[in-house]
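Scroll down for the structure; my scribbles are underneath it.
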Amino acid sequence: MNEWEDYSSALDRAAKVIDDAELVVLACHVNPDGDALGSMLALHLALLAAGRRSVASFPAPFVVAPHYRELPGLDRLVPPSEVPEAPDVMVTFDCGAMNRLAGLQPTAERAGELIVLDHHISNERYGTVNVIDSDAAATGVVVHRLIGRLGLPLTDGSAIALYAALVCDTGRFQYETTTPEVFALAGELVGYDVPVARLSRTLFEEHRFAYLQLLAEALAAAELVREQRFVWTAVTQEMLARHGVALEEIEGLIDVVRRTAEADIACVLKEEADGSVKVSLRSVGDSDVRLVASAYGGGGHRFAAGFTSTVGIAETVDRIRAAL
C-alpha cells in the first residue's frame with residue numbers, strides 16, 4: 001500500500017475500534033493549544049450527540065487558556081483524576097509523543113486500544129492504531145474525516161470546535177498549509193452556527209491589559225541575531241508573577257515575535273514553574289525548525305515546532321543558535 005492507503009486503512013480501523021467500544025476515553029497533550037483542544041472537543045461532542053459514552057480530558061495543570069473560552073463542550077471535560085485508569089479504547093489528539101500526555105501517560109499505556117490522531121510528521125506512532133496525515137493542516141482535519149467514517153452527523157458544537165482547530169493551526173489561513181481542502185472544509189464548517197467574528201476575537205485579539213504590559217516588556221527585551229536571521233525573547237516566572245499573568249495567556253506571544261521582518265526564525269522561551277523552559281520555534285523562510293526541536297527531544301512541523309529544555313534560558317538559546 002502507498003502512504004495514503006496506509007492512512008486510509010488506519011482511519012477505517014480507528015472508526016471500527018471506536019464503533020465497537022462501549023466507552024471511549026479522549027485525551028490531548030499537556031497545555032493544549034487550539035488544534036488539540038478543538039479536535040478533542042469536536043469528536044467528544046459528536047459522540048455524545050449520538051448517544052455514545054465518551055470521557056474527555058487533558059493532563060494537569062487542568063487549566064484552559066482564557067482565549068479558548070468560547071469553545072463549546074469545555075463544561076463536558078473531566079479532570080484527569082476522573083479518567084478511567086485502564087480504558088478499553090483511548091484516543092489521543094495532536095500529541096506527537098507518549099510523554100506529552102504527562103500524567104495521563106500511564107492511562108494510555110494501559111489502554112486496550114490506543115488510537116493516535118495527529119498531523120505532525122515527527123509523531124512517534126506510539127499507538128495500536130496510528131492515524132497520521134503529515135500533509136493535513138491540522139489534527140482537526142483528521143478528526144473531521146474520522147467523524148465522517150463513523151457516520152456521525154456534525155453538530156454546531158463540533159463544527160465550532162473544528163473551525164477553531166483549523167483556524168489556529170493555519171494561523172488564520174496564512175500559513176503554507178492553507179490548501180484548497182482547508183478552505184473547502186472551512187466553508188463547510190461555517191455553514192453551521194459558527195460565530196466567526198466573535199471566535200476570531202477571543203482566539204487571537206482579546207487580551208487582558210496585564211498581558212499587554214508583559215508583552216511590551218518581552219518585546220523590549222527581544223534580541224535579533226542578524227547574521228542568523230534569528231529573533232528571540234523569553235518570559236520568566238518572575239515576569240509572570242509581577243504582571244499577574246498565567247503561562248497559558250502568553251501562548252500567542254510567538255505570533256507577535258515572528259512578525260520581525262529581519263528574521264526567518266522566531267523563538268519564545270517560557271520558564272515553567274519547575275524551572276524548565278518551554279521553547280516555541282517558528283520559521284517563515286527555508287529553515288526547518290522541526291529539525292532543531294527534534295535534536296532536543298521535541299517535534300512539530302517545518303514551520304512550527306517546540307521542545308522543553310532543562311538547562312536554563314541562556315544555555316538553551318546557545319544550543320538553538322548552534323543548531324541553526
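Read-outs throughout are calculated quantities, based only on the coordinates presented, and are distinct from any laboratory measurement. Only a predicted model underlies this, so the values are computations on that prediction, with no experimental measurement involved. Every residue, glycine as well, gets a Cβ built from its backbone with ideal geometry; the counts of neighbours run over all protein chains shown.
A few comments on the model shown:
- Angle in degrees between helix 180-189 and the longest Cα principal axis of the chain, rounded to the nearest 10: 60 degrees
- Cα convex hull volume per residue for the stretch 36-144 (Å³): 103 Å³
- For Tyr163, Tyr7, order by how many other beta-carbon atoms lie within 10 Å, fewest first: Tyr7, Tyr163
- Per-residue ³J(HN,Hα) for the stretch 203-215, Karplus 6.51 cos²θ - 1.76 cosθ + 1.60, θ = phi - 60°, Hz, x for Gly and Pro: 6, 10, 10, 9, 9, 5, 4, 4, 5, 4, 5, 5, 4
- Across the alpha-carbon atoms of the stretch 209-323, the computed radius of gyration and Dmax are 13.2, 38 angstrom.
- Distance between the pseudo-spin-label points of Ala273 and Ala261 (7 Å out from Cα toward the beta carbon): 4.2 nm.
- What the phi angles of the stretch 240-247 give under the Karplus curve with 6.51, -1.76 and 1.60, with θ = phi - 60°, is a coupling list of 4, 5, 5, 8, x, 10, 7, 4 Hz, glycine and proline written as x.
- Integer Hz, Karplus 6.51/-1.76/1.60 couplings in order for the stretch 301-318, x for Gly and Pro: 10, 4, 9, 8, 8, x, 7, 10, 10, 10, 10, x, 5, 4, 5, 5, 4, 4
- Relative contact order of the chain, pairs being alpha-carbon contacts under 8 Å that are 6 or more residues apart, as %: 14 percent
- Semi-axis lengths, Å, the stretch 3-203, gyration tensor of Cα atoms, sqrt of 5 times eigenvalues: 23, 19, 16
- Residues Ser9, Ser54, Ser39, sorted so that the one with the fewest Cβ neighbours within 10 Å comes first: Ser9, Ser54, Ser39
- Cα centroids of the stretch 205-263 and the stretch 285-324: 17 Å apart.
- Relative contact order of the stretch 172-324, pairs being alpha-carbon contacts under 8 Å that are 6 or more residues apart, as %: 15 percent
- Histogram of C-alpha separations across the stretch 88-194, 5 Å bin width, %: 2, 12, 21, 22, 18, 14, 8, 3
- Estimated from helical segments only, the mean residue ellipticity of the chain at 222 nm is -11000 deg cm²/dmol, where each DSSP H run of four or more residues counts as -39500 (n - 2.57).
- Per-residue Cβ neighbour rank within 10 angstrom, fewest leading, Lys16, Lys278: Lys16, Lys278
- Net length gained if the chain between Glu109 and Val225 were fully extended (0.36 nm per residue, minus Cα distance): 37.5 nm
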